[in-house]
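The values are calculated or read from the model by the stated rules, or taken from the named source; none is laboratory data. The shown structure was predicted, so the numbers you read here are calculated from the model rather than taken from an experiment. So basically every Cβ, Gly included, is an ideal-geometry build from the backbone, and we count neighbours across all protein chains shown.
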Amino acid sequence: MVGFLSKCFSLFYHTVCQICNEVSEADLVCKICENSFIERKHSYIKRFSELTVYSWGLYNGTLRQGILNLKTGKKELAQYFGKRIITFWDSIPEKVNADSLLIIPVPSHYKRIWERGYCQSVLLAKHFSKELKFEYTDRLITRTKLTKKMNSLECLEERIINIKDAFKVKNYNLCKKNILIIDDILTSGSTLCELARTIKNRYEGVNLIGLTIASGDIY
Ligand SMILES: [Zn+2]
C-alpha cells in the first residue's frame, strides 16, 4: 500500500518516460533510457552517390523503441530527439555553411498522416529549423505514392522498387543551394536517395545532405 501511494505521489509530481513508461524526473525521457542509447561516434557518416547522411545514434535497443514510440503516438518525443540531433549537428565539423541551408522533412503520404495524425519528420524538421533559425519548407516535395512500410521489406531490391517514383517536386522558388533533409531513421538509404534524385532531377546543382536520429546497419 505504501509503495502504491508512493508511486501515485511520484506520478503526481513527476512525468512518465515516453519510452519505458516508468516514472521519471526528466521531462520526456528517463536517465536509464537515455544512458542506454548508443551514439554512432565514428560511423555517423554514410556517403551515397546522391547525398551524404549524418546519423546520431545506433538504431537498436531503447533508441529503436523510442523512435517506434515517436511514430506511434508519442509525438512529444520529436521535441526530445530534435534537441539531440541539434547537439549532434553542432558537433559535426564538416557541415555546410549554415547561412545557405534550407531544411526539409522526408514527407509522408497523406493517408499515413491521416492514420497517425502527424508526420514525425515534419515535427523533427520544424523543431530543428526553429531552434537553429534555418529556413524551413514542406512545400518543395510531396509523397504521391503510398508505399509499403520499409521495415516490412527485408531485401534492398524490394525497398528500392517500393520507393521508386514515390515523390514529386512541387513548384517552389528555390533560392538555397544546400538542402538538409531530416528523417527519423536511415536503414538502407533507399528513401533518402530516391528523394535526393527526385530533387536533383528538377534542380540541378543543389547540394543535398541528410540528417537522421539513428541509422541501422543495412546498407
Ligand atoms: Zn525510460
Quiz item: With respect to residue 91, is the statement that it is surrounded by 21 or more Cβ atoms within 10 Å (Cβ to Cβ) and under 28 Å from residue 38 (Cβ atoms) true?
Solution: no
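Return the only residue of 106, 96 being buried (at least 16 other Cβ atoms within 10 Å of the Cβ) and closer than 22 Å to residue 179 by Cβ. Spell out the reasoning first.
On the way: 96 fails: buried (at least 16 other Cβ atoms within 10 Å of the Cβ).
Within the list 106, 96, the selection yields 106.
Which residue, of 113, 141, 67, 92, is touching an Asp or Glu at 6+ places or on another chain (Cβ under 8 Å) and of a type in the set (A, V, I, L, M, F, W, C)? Outline the logic, then answer.
On the way: 113 fails: touching an Asp or Glu at 6+ places or on another chain (Cβ under 8 Å); 141 fails: touching an Asp or Glu at 6+ places or on another chain (Cβ under 8 Å); 92 fails: touching an Asp or Glu at 6+ places or on another chain (Cβ under 8 Å).
On inspection, the qualifying residue turns out to be 67.
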Quiz item: For segment 168-219, how many residues meet the condition of being crowded, with 17+ Cβ neighbours inside 10 Å and over 27 Å from residue 67 (Cβ atoms)?
Solution: 2
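Each row is one residue, and each column tells you yes or no for (1) assigned to a loop (DSSP other than H, G, I, E, B); (2) at positive phi; (3) in contact (Cβ under 8 Å) with a residue 40 or more places away in the chain.
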residue	(1), (2), (3)
28	yes, no, yes
32	no, no, no
42	no, no, no
53	no, no, yes
57	no, no, yes
67	no, no, yes
Quiz item: Which of (1) within 18 Å of residue 70 (Cβ to Cβ); (2) touching a Ser or Thr at 6+ places or on another chain (Cβ under 9 Å) is the odd one out, the single condition residue 149 does not satisfy?
Solution: (2)
Exercise. State which residue pairs qualify: first residue at positive phi and inside segment 159-180, second residue modelled with pLDDT under 85 in any location, beta carbons under 9 Å apart, and separation of 6 or more residues or different chains.
Key: 165/145
Practice problem: With the condition kept exactly as written, say whether any residue in segment 156-167 is under 26 Å from residue 63 (Cα atoms) and loosely packed, with under 15 Cβ neighbours inside 10 Å. | Solution: yes
Quiz item: What number of residues in segment 29-59 are away from the ligand (no atom under 16 Å from the Cβ) and surrounded by fewer than 21 Cβ atoms within 10 Å (Cβ to Cβ)?
Solution: 14
Quiz item: Of the residues in segment 179-219, how many are more than 17 Å from residue 166 (Cα to Cα), over 12 Å from the mean Cα position of the chain (by Cα) and hydroxyl-bearing (Ser, Thr, Tyr)?
Solution: 2
